[in-house]
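Handing you this structure, nothing more for now.
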Amino acid sequence: MRKRAVLISTVVLAFILIVMGVGCGCGAPPGKEVTVGNKNFTEQYIVGELIKQLLQDRGFTVKLVSALSTTKLREGMEDGEIDICAEYTGTAWMLLLAHQREPGRDNNEVYRLTKEEEEGNGFIWLNPIWNNNTYALASWPEFVEEHGLQTLSDLASLYREKEGEIKTSIGEEFSKRPDGLPALEMHYNFTIAESHLSVTAPPGTCLQSLEKHECDVAMVFGTDAAIHEHGWYLYVDDKAFSPPYDLTPYVREEVLAEYPEIADILNELVGTFPGGGEPATLDIVAECQDVWQELNAKVDIDKMDADEVAHEYLVDKGLIKE
């Protein structure tokens with residue numbers, strides 16, 4: 001009986017070891033593992049969580065490397081330490097790929113050119129989110145309605161009519177950079193009178209000036225939370241002056257070759273935003289900016305965590321279950 005008990009115990013132990021993947025001398029099949037990176041501001045925290053949580057839901061083990069600068073994020077992608085991130089088309093085209101700004105190139109063209117060139121670098125750009133988080137000008141809606149404004153061309157016409165005497169607040173960097181105010185004035189043929197122009201060092205001061213009605217026009221970024229909070233009107237860049245900055249997931253080529261399903265998963269995410277998978281139009285960009293203004297506001301104003309905002313969005317869009 002004792003021998004029989006020992007034999008049974010040995011068989012049971014062997015079975016347990018096999019189930020654990022060590023009894024046969026070979027490990028269990030490795031899982032699908034990827035590393036996602038994001039930058040160090042609200043919108044990037046949210047998109048990093050969107051990508052991470054959706055991939056986790058689809059069976060991936062995901063490591064999130066967060067709060068990186070643009071340069072560090074790119075270095076991580078190039079070194080293979082990061083597999084997936086979401087970058088802005090304008091940032092990639094001008095900073096990472098070192099091209100000069102060319103006014104008149106719209107969202108679709110900059111995305112296409114970036115995507116084509118990046119394939120040669122071993123990076124596959126997926127469908128873009130047309131949120132164009134670029135420098136922009138905004139006003140309170142009553143000012144816009146009073147003067148019948150819609151586009152930057154309309155605003156430029158009003159500046160000319162009033163000889164530049166419209167109270168305007170911009171950031172110091174925007175007053176100097178090559179795609180800043182001087183180039184904007186030249187592109188749209190208007191000039192702001194120095195007596196009516198306020199140049200501030202912290203960019204957020206412009207928002208405060210507009211909030212307090214100390215100016216009629218202020219510099220903003222296209223997806224600022226304050227635009228959603230106050231209901232400000234964002235002027236349409238109808239002559240494509242500003243380089244488009246559309247948030248776009250991209251993946252290292254070898255990672256996508258190993259896990260081709262990533263493309264469909266992330267394109268499905270992009271498809272939940274206005275115009276996802278379709279060519280950009282002015283209306284689509286404006287609608288997508290609205291969505292991201294609201295998402296950013298949930299973090300910056302409502303004080304939700306980025307992971308909560310991402311989870312809520314994914315559940316609301318039916319991409320993951322509660």
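Here are some residues: D246, D305, D224. Which one is of a type outside the set (F, W, Y), surrounded by 21 or more Cβ atoms within 10 Å (Cβ to Cβ), over 25 Å from F123 (Cβ atoms) and touching a helix residue (DSSP H, G or I) at 6+ places or on another chain (Cβ under 9 Å)?
None of the other options fit; the residue is D224.
Cβ-Cβ under 7 Å, sequence separation 6+ or interchain: first residue in segment 63-80 and hydrophobic (A, V, I, L, M, F, W, C), partner exposed (fewer than 14 other Cβ atoms within 10 Å of the Cβ). Which pairs?
The qualifying pairs are A67/N40; L68/N40.
I've got another one for you. Does E119 qualify as being outside the structural domain of C215 (by TED's automatic domain parsing) and surrounded by fewer than 22 Cβ atoms within 10 Å (Cβ to Cβ)?
Yes.
Does E268 satisfy being assigned by TED's automatic domain parsing to the domain that holds D179, surrounded by 16 or more Cβ atoms within 10 Å (Cβ to Cβ) and on the phi < 0 side of the Ramachandran plot?
no
If you take the residues in segment 64-106 that are among the charged types (D, E, K, R) and at pLDDT 95 or above, which one is nearest to G222 (Cα to Cα)?
Per the stated criteria, the residue is E87.
The values are calculated or read from the model by the stated rules, or taken from the named source; none is laboratory data. This one's a predicted model, so the numbers in the text were calculated from it and none came from an experiment. Cβ atoms come from the backbone with ideal geometry, glycine included; neighbour counts cover every protein chain shown.
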